[in-house]
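Okay, structure first, notes after.
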Amino acid sequence: MNLYTVKRGDTLYSIANQFGATFPVLAAANQIADPSKLVAGQALIIPSSQPSPTRSILVNGYALPGIGDPALNGALPYLTYLTPFAYRARMDGSLVPIIDDSLIRRAYAGNVAPVMAVTNQRESGGFSSDIGHAILTDMDAQRALISNLAAKLSEKSYYGLNVDFEYLYETDREAYIEFLTRLVARLKPIGYVLSVALAPKISGEQTGLLYTAHDYEAIGAIMDEIILMTYEWGYTYGPPLAVAPIDQVEKVLTYAVSVIPSKKILMGMPNYGYNWKLPYVKSRAAQPVPLAEAPRLAYQQYANILYDATAQAPFFRYYDSAGTEHIVWFDDVRSISARLALVEKYDLGGVSYWNLNTLFRPNWVVLSEMYQVTKVF
């Protein structure tokens, strides 16, 4: 696998000739719609004619209902699991339905295992500590939820279940472990694969609403697979940062593999960037940026793309028509390949993408150059 950083004066034709590649293959692999609009600092992948990775990994991808055909079709060949997101648990243990039939059918048609996701999100949006607390402490509600999950898994022919309970009260730590233990006891004997999404902790002593109730060691011993949400250092209302800086991701992995069997771990991979106005104002939201659109925005704004060696992430700055400065952090083939290399370094089970709803084809080219994708059927 070759990665190339565009220099001023380069054209896609000259780069293709330099590497003995064909122009159409290079344009398709890098999702370049207009080959005349390359940006200095933009990173490209030069696909191998015969990639031959030897390591096989699990690959999960979350998809929101309404995902378009290009994004879904582009992802399915590279997935072990497709996880429609998500059923929402109510306080009484009932479930808010989602439109997932088409995604389940498409998954099976593509030899991908569909996984049901359940969260403690409100119907109006956002995670609810109170919903989590009700489920974890009211045994009638908990039994109802487990029964409803078992029924829905069977009705929809799901392959497994992913639990994504976030912002749990710190005092619900033991109750969450007990809930997952009961869930496993009910669903594991009838053949379901069970996973859980956990916040990115760097120690067992880390406290806070995101972290305390996510006991890596105890939950890692219970569940089949652990999805670590190793992203959102840069987030909507946070200061401008790389979404998944590799130095911070490694801190999480170093702790995780010390208490969880490494092959159970799927490292989270973000499929988005953010555009912040400067100076940073906490109450002002950053705008999400699809990864394929970031170089195009840089071109439109006459901005060169730079690369942060510590975070292993690209970024650029520009001024809009009103004179306001912006900074955009995103991912490219360099940052993606650097993080994917951590799977081998830490002997992980694989990766999990949040989320698949925008297509970034270069990611899948990099993934296929580095690893084979495990298929469960």
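Tabulated data
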item: Rounded to 10°, Cα long-axis angle of helix 333-345 versus longest principal axis of the chain; result: 50 degrees
item: For the chain: accessible area per residue (Å², 1.4 Å); result: 41 Å²
item: Peptides ranked, highest mean first, by Cβ atoms within 10 Å: ranges 360-370, 184-194, 249-259; result: 360-370, 249-259, 184-194
item: Nearest-ten-degree value, helix 139-156 long axis tilted from longest Cα axis of the chain; result: 60 degrees
item: Listed residues M269, L58, P362: farthest to the positive end of the dipole of the chain (Cβ charges); result: P362
item: Relative packing of 111-123, 303-315, which averages over residues the other C-beta atoms within 10 Å, highest first; result: 111-123, 303-315
item: Structure-based [θ]222 nm, the chain - -39500 (n - 2.57) summed over DSSP H runs of at least 4, per residue, nearest 500; result: -10000 deg cm²/dmol
item: Cα-centred dipole magnitude for the chain, charges only on beta-carbon of K, R (+1) and D, E (-1), debye, nearest 20; result: 720 debye
item: Formal net charge of residues neighbouring I265 (Cβ-Cβ distance under 10 Å; K, R +1; D, E -1); result: 0
item: Local net charge near T358, Cβ-Cβ under 14 Å (Lys/Arg +1, Asp/Glu -1); result: -1
item: Extension gain, Y235 back to D308 (0.36 nm per residue minus Cα-Cα distance, nm); result: 24.5 nm
item: Under 14 Å, Cβ to Cβ, from I104 - net charge with Lys/Arg +1 and Asp/Glu -1; result: +1
item: Inter-probe distance in nm under a simple model that places probes 7 Å from Cα toward Cβ, at D138 and A322; result: 4.5 nm
item: Protein accessible area in segment 287-377, 1.4 Å probe - carbon and sulfur %; result: 52 percent
item: Out-of-range pairs (alpha-carbon distance over 20 Å; input K263/K375; K188/K345; K251/K345; K152/K188; K188/K264); result: K188/K345
item: Most to least packed among 326-334, 272-280 [average Cβ atoms within 10 Å]; result: 326-334, 272-280
item: Rounded tilt (10° steps) of 246-259 against the dominant C-alpha axis of the chain; result: 30 degrees
item: Estimated inter-spin distance, N17 and T171, nm [label 7 Å along Cα→Cβ]; result: 7.2 nm
item: Computed FRET value (nearest 0.05) for V259 with K188, which takes r as the C-beta separation and R₀ as 30 Å; result: 0.90
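The values are calculated or read from the model by the stated rules, or taken from the named source; none is laboratory data. Every value quoted in this text rests on a predicted model; they were computed, and no experiment measured them. Don't worry about glycine lacking a Cβ; one is built from the backbone with ideal geometry, like all the others, and counts go over all protein chains shown. Accessible surface areas use protein heavy atoms only, side chains included; no ligands, DNA or RNA. Shrake-Rupley method; radii C 1.70, N 1.55, O 1.52, S 1.80 Å.
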